[in-house]
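The values are calculated or read from the model by the stated rules, or taken from the named source; none is laboratory data. Just so it is clear, the model here is predicted, and its values are computed rather than measured. Cβ placement follows ideal geometry from the backbone for every residue including glycine, while neighbour counts extend to all protein chains displayed. Quick note on the areas: whole protein, heavy atoms, side chains included, nothing else; ligands and nucleic acids left out. Shrake-Rupley method; radii C 1.70, N 1.55, O 1.52, S 1.80 Å.
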Amino acid sequence: MSKLEPFAESIFVTRPVLPKIEEVTEKLKDIWSIKWLTNNGPQHYMLERELEKYLKVPYLSLFNNGTIALIVACQSLRLQGDVITTPFTFAATPHVLSWNNINPIFCDIDEETMNIDAEKIESMITPRTSAILAVHVFGTPCDVKKIQQVADAYGLKVIYDAAHAFGVEIGDEGIGTFGDISMFSFHATKLYHTVEGGALVHGDKNLKQRIDLLKNFGIKNEDEVVMSGINGKLDEVRAAIGRIMLNYVEEEREKRRKLHEVYNEELGDVAGIKLMPKCGENVKLNYQYYVIRVDEKIFGKSRDYVYDELKKYNVHTRKYFHPLCSEFTCYRQLNSASVENLPVANVVGKQVLSLPMYGDLAADDVRKICRIIKEF
Ligand SMILES: Cc1ncc(COP(=O)(O)O)c(C=O)c1O
């Protein structure tokens, strides 16, 4: 161990943004007064409209979490057969495909952005392919132009898992305007949250009707159930918290942006540590995560060593995303899950480390974390 002392209290990889409790109590009083707790209440309605505006998308449907939202997205587009996706993502992404009886087909990732490699998608398409399910990993936008070109050429649908990309924009366009449908997760660990929650966004009024039926058991009215739906509803309490949280998101984004700068300054010239990709002037990022890649050959120590050692200093990082989805027992037998098919993902999966990132983290603590890493 070096001369630096461990942190007295644990530093976690993230901490939820919490609104003032009085603000929540006020909103709860409104809900209590009308005794409308769920099923399309006023908080739900207002949050949908507020989020459509904030995210700059034509239509938005709220959900009780992002995973159910993504399952419904596949249903709403009637996807079947095979869907091309990335192995470098959270478990939910391929799982929603298998819950829809769709085969995930893993495509390798781009070395720089860690998103699906748009140049390789075409070579994975077969007559069974119905869609591309891409993920804006760590909030870095996918190559949306190229993905759409390939999809158009082969008549495929495009769904974006934008769980990490709340508030990200390309030019002046909300990230949710690309593809056929995008999903946002409002889980407590996200930049913006409703404790648990999520949303689907898209540009098609008819699709909104279908999605809203699917998330409410397919119930059209008291006399008609028109499709086999599920319970994907967000309740009034969480919708109300979501409305409050919208007032916190810009301040939180700015605090994280500043912490990103500190990390970049401290780690920018460390040989063997690769920082997050630069996205160019026209991309507005959300700074939700701070992720490095540790190249053992150059840095001299492995990612796992850095992870284990930081723990001894009371710094809790995450090997996010490790293992790759293609390594899960439920997918590793797939042809597309082989290491030969996914050379880049298999390297990145062993290098990536998510460092502490949340607005209340002190800049001095970030500097100390970086000093500890540099001493390795
Ligand atoms: C990339 C990705 N997709 C999907 C999900 C699932 O979202 P939820 O937790 O809201 O179900 C997450 C959750 O963290 C995620 O990171």
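Worth a mention:
- Per residue accessible area in Å² of segment 249-375, where ligands, DNA and RNA are left out and the probe is 1.4 Å: 47 Å²
- Order by protection proxy (mean Cβ within 10 Å, highest first), peptides 127-134, 102-109, 215-222: 102-109, 127-134, 215-222
- Under 17 Å from the residue 12 label point (7 Å along Cα→beta-carbon), backbone N, segment 295-325: 311, 314-320
- Its relative contact order, with pairs defined as Cα atoms under 8 Å and 6+ residues apart, puts the chain at 23 percent.
- Straight-line cross-link partners of residue 120 among the aspartates and glutamates, defined as a Cα under 13 Å from its Cα and at least 8 positions apart when in the same chain: 108, 110, 111, 143.
- Nearby aspartates and glutamates by direct alpha-carbon distance to residue 3 (threshold 19 angstrom, same-chain neighbours under 8 apart not counted): 266, 308, 309, 364, 365, 375
- With a Cα cut-off of under 26 Å and a minimum spacing of 8 residues unless on different chains, the lysine pairs in segment 226-305 number 11.
- The equivalent ellipsoid that matches the C-alpha gyration tensor of the chain spans semi-axes of 34, 28, 17 angstrom, in descending order.
- Carbon and sulfur %, accessible surface of the chain computed with the full protein complex present, 1.4 Å: 51 percent
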